[in-house]
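The values are calculated or read from the model by the stated rules, or taken from the named source; none is laboratory data. Keep in mind the model is a prediction, meaning the values are calculated, not measured. With ideal geometry, Cβ positions are generated from the backbone for all residues, glycine too; neighbour counts draw on all protein chains shown.
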Amino acid sequence: MPWTLTVSELNDYVRRALASDPSLRFLSLRGEVSDFKKYTSGHWYFTLKDEACTIQCVCFRQYNMRLDFRPENGMKVVLTGAVGLYAERGSYQFYAESITRDGVGDLFLKLEQLKARLMKEGLFDVAKKRPLPLLPRAVGVVTSRSGAVIHDIATVTRRRYPAMQIILRPAQVQGEGAAEDIARGIAEISLLPQVDVVIVGRGGGSLEDLWAFNEEIVVRAIAACPVPVVSAVGHEVDVTLSDLAADVRAATPSVAAEVCVPERDALLAAVEKMRREMGKACVGRLLALKNRTAYLEKRLAACHPAAQLQRMNARAGLLAQRLRAAMEKGMTARQTRLQLLCNQLAALGPRQALERGYAVVLSGRDAVTSVSQVKEEMSLLMRDGRVRVRTLEVRKEDPFGEEASEL
């Protein structure tokens, strides 16, 4: 009769079996750290690997708080702890209670010291990063001739911009003399007049494999390069000093090619869009200039001497018409006034008095209005003629008084 278990029972059995094995309770495990993650709980989860296999590892917060360093991807370490099973997932893993560096401690210390010194010099200053050219004439690549890097870059470039020129400067990317060769390659390829951007990179690997890109000579060569540099070293989790010194860091060589080489179709579409916008702008500008020209032509025509003379003639005609109207109106008013005065003069003149029976006494041609002006001979001017008279008596008195009424 076979032994029938549930999944939970099986996982629990295996977990207890592993826990009861004294050889798996306290042992040391050597390998390289990868996929390191620190969670908000403070626990560390990572993978430990060697040339052939991997194992999932965890170091809980109460243990990693005792350490004076934090593991990084590519670091070789020695773990001390126990093998166990995470029953809920059926996951076989190593529970680390202590972690020590294995052989590369000096390299990490050297790396941190160099990083601090170069950072103090400003080689990693973000303000010094240069923008990449929109359409480089050629892309220079410093990497291994036989690696996958140049193949990936060429594949992406042919897809995005088939006519883009790629110039490879083969370089040793690992081992003794690699750093010097990479630095020379950067300096040499940057001197080519058609190269507007340089990609420096290699595939992933351990810390030792990538160490050439942490060497000071390579970092300074990248910083001194006269054209922008894109670093594509290792995988996304791998960070070297070359990445910090480069103008742009790409997670992979393919990404480096994408950031350096624009898409031909996208450029053509952008050019076509700009052409349409420029055409619209030109038409709008020409229309505005046409309207402006028409406005200036009207102003110029208005300022022409013939136009000014025509306006002056029209104004003179209007003023003459207004002058004639004013003269006629003034003449009529004066004639009316003169007629009124003539009528008043006629009403108040001597003729009317003569018509009423009065007479005017004249001494020569002067009217006699007072007895002091009486002469011996005078003439009387009456309604229908003149009468010459001789003065018999002169009496000075009120002509309308009682004495005068007795005469």
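So, Ser20, is that one surrounded by fewer than 13 Cβ atoms within 10 Å (Cβ to Cβ) and either over 19 Å from Pro71 (Cα atoms) or over 60 Å from the mean Cα position of the chain (by Cα) (or both) or not?
Against the criterion (surrounded by fewer than 13 Cβ atoms within 10 Å (Cβ to Cβ) and either over 19 Å from Pro71 (Cα atoms) or over 60 Å from the mean Cα position of the chain (by Cα) (or both)), Ser20 qualifies.
Evaluate segment 336-359: report whether one residue or more is modelled with pLDDT of 85 or more, surrounded by 11 or more Cβ atoms within 10 Å (Cβ to Cβ) and either charged (D, E, K, R) or assigned to a loop (DSSP other than H, G, I, E, B) (or both). Yes, because at least one residue in segment 336-359 is modelled with pLDDT of 85 or more, surrounded by 11 or more Cβ atoms within 10 Å (Cβ to Cβ) and either charged (D, E, K, R) or assigned to a loop (DSSP other than H, G, I, E, B) (or both).
Table: residues versus (1) exposed (fewer than 11 other Cβ atoms within 10 Å of the Cβ); (2) of a type in the set (Asp, Glu); (3) modelled with pLDDT under 85; (4) not assigned by TED's automatic domain parsing to the domain that holds Leu380.
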| residue | (1), (2), (3), (4) |
| --- | --- |
| Ala269 | no, no, no, yes |
| Asn291 | yes, no, no, yes |
| Arg299 | yes, no, yes, yes |
| His304 | yes, no, yes, yes |
| Gln308 | no, no, yes, yes |
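For beta carbons closer than 6 Å, sequence separation of 6+ or different chains, a first residue in segment 384-401 that is of a type in the set (Gly, Ala, Ser) and part of a strand (DSSP E or B) and a second that is modelled with pLDDT of 85 or more and surrounded by 10 or more Cβ atoms within 10 Å (Cβ to Cβ), there are no qualifying pairs. Condition (residue is in contact with a Ser or Thr (Cβ under 7 Å, 6 or more places away or on another chain) and at pLDDT 90 or above) applied to segment 185-198: is it met by at least one residue? Among the residues of segment 185-198, at least one is in contact with a Ser or Thr (Cβ under 7 Å, 6 or more places away or on another chain) and at pLDDT 90 or above, which makes the answer yes.
When every residue of segment 58-79 is checked against the conditions, none turns out to be in contact with a strand residue (DSSP E or B) (Cβ under 6 Å, 6 or more places away or on another chain) and acidic (Asp, Glu). Being over 17 Å from Pro253 (Cα atoms) and of a type in the set (A, V, I, L, M, F, W, C) holds for only one residue in Ile189, Ile182, Ile199, and it is Ile189. Right, Ser231: under 36 Å from the mean Cα position of the chain (by Cα), without any contact (Cβ under 8 Å) to a residue 40 or more places away in the chain and either buried (at least 18 other Cβ atoms within 10 Å of the Cβ) or closer than 26 Å to Leu134 by Cα (or both) or not? Taking the combined requirement at face value, the residue satisfies it.
Based on this model, can you work out whether Tyr86 counts as over 26 Å from Asn214 (Cβ atoms), surrounded by 15 or more Cβ atoms within 10 Å (Cβ to Cβ) and not polar (S, T, N, Q)? Here the answer is no, as Tyr86 does not meet what is asked.
All conditions in (1) charged (D, E, K, R); (2) more than 17 Å from Ala251 (Cα to Cα); (3) in contact with a strand residue (DSSP E or B) (Cβ under 7 Å, 6 or more places away or on another chain) hold for Glu176, with the sole exception of (3). Taking each residue of segment 197-221 that is more than 11 Å from Ile182 (Cβ to Cβ) and looking for partners that are among the charged types (D, E, K, R) and buried (at least 24 other Cβ atoms within 10 Å of the Cβ) with beta-carbon atoms closer than 8 Å, six or more apart or interchain, yields Leu210/Arg202.
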